[in-house]
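All remarks here apply to the structure that follows.
Read-outs throughout are calculated quantities, based only on the coordinates presented, and are distinct from any laboratory measurement. Keep in mind the model is a prediction, meaning the values are calculated, not measured. Counting neighbours? That spans all protein chains shown, and the Cβs are built from the backbone with ideal geometry, glycine included.
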Amino acid sequence: MATTGAPDRNFLWSVFQKVDKDRSGAIEAQELQAALSNGNWTKFNPETIRLMIGMFDRTGSGTINFDEFGALWKYVTDWQQCFRSFDKDGSGNINREELQTAVTTFGYRFSDNFYNVLMKRFDRSGKGLIFFDDFIQCCVTLHTLTAAFSQHDTDRDGIITIGYEQFLHMVFSLRN
Ligand code: CA
Ligand code: CA
């Protein structure tokens, strides 16, 4: 499936109609959850669903209408492609080594120990594996936290000094 450029509107409309099961003209969280797949019969993480709807719901309705759907669809297919490219052994999930490659490719530099923390946080099966939904959650969370940190790290030395209330403000203003 082509993921570059805007997908054709007729195609998008046919997908939108399939996802909008109750024909309400908008995609609710549970409809999006039903449409997305981890490829292993597990339900898509509701946190990731909330995150995605929040990112593309420009009208603030809490749902995705057809105008908003194109951008969401592109986002999902781009992530699918990214996930597949890092799932080197084609197992349908990301192990620690694959995560390390992915995260390093995104430009982050972490110690070995930090990968234990990441695996612990995003490996919901407890088998040392990260599925598609949690992979998105992991990457988006890293991105959001890094952006919040960078705002304070004006001299870019990787160290920030912030007060207690500033810290709370930073944490509470994060989207996820
Ligand atoms: Ca609907
Ligand atoms: Ca794999």
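So what is the 222 nm mean residue ellipticity for the chain from helices alone, if each DSSP H run of at least 4 adds -39500 (n - 2.57) and you divide by all residues, rounding to the nearest 500 deg cm²/dmol? Show your work: numbers first, answer last.
On the way: 8 runs with 101 residues, N = 176.
Calculated from helices alone, the mean residue ellipticity at 222 nm is -18000 deg cm²/dmol.
Given region 1-105, report the % of alpha carbon pairs whose separation exceeds 17 Å.
When every Cα pair of region 1-105 is considered, 58 percent fall beyond 17 Å.
Please compare each pair in Lys18/Lys43; Lys21/Lys74; Lys18/Lys120; Lys88/Lys120; Lys21/Lys127 to a cut-off of 30 Å on the Cα-Cα distance and tell me which ones are over it.
Working: Lys18/Lys43 18 Å; Lys21/Lys74 20 Å; Lys18/Lys120 35 Å; Lys88/Lys120 21 Å; Lys21/Lys127 34 Å.
The answer is Lys18/Lys120; Lys21/Lys127.
Mind checking the angle between helix 96-105 and the chain's longest principal axis? C-alpha axes, 0 to 90 degrees, to the nearest 10.
Roughly 90 degrees, rounded to the nearest 10.
What are the radius of gyration and Dmax of region 90-129, computed over its Cα atoms and given in Å?
Taking only Cα atoms of region 90-129, I get Rg and Dmax of 10.0, 27 Å.
What distance in nm lies between label points placed 7 Å from Cα along the C-beta direction at Ser61 and Ser85?
The two pseudo-label positions are separated by 3.3 nm.
When the Kirkwood hydrodynamic radius is evaluated over all pairs of different C-alpha atoms of region 52-111, what value in angstrom, to one decimal, is obtained?
On the way: mean 1/r = 0.0745 Å⁻¹.
When all Cα pairs of region 52-111 are included, the Kirkwood radius is 13.4 Å.
Taking the Cα atoms only, what angle lies between the long axis of helix 66-86 and the longest principal axis of the chain, rounded to 10 degrees?
The helix 66-86 is inclined about 60 degrees to the chain.
Just the Cα atoms of the chain, one point each, no solvent: what log10 I(q)/I(0) does Debye give at q = 0.12 Å⁻¹?
Treating every Cα as an identical point scatterer, log10 I(q)/I(0) equals -0.66.
Residues of region 120-142 with backbone nitrogen within less than 17 Å of a virtual label 7 Å along the Cα-to-Cβ line of Phe149, please, listed as ranges.
120-122, 138-142, by backbone N distance to the label point.
Tell me, what is a quarter of the convex hull surface for the C-alpha atoms of region 123-176, in nm² with one decimal? Write out the running numbers ahead of the final one.
Details: hull surface 19.3 nm².
Hull-based average projected area comes out at 4.8 nm².
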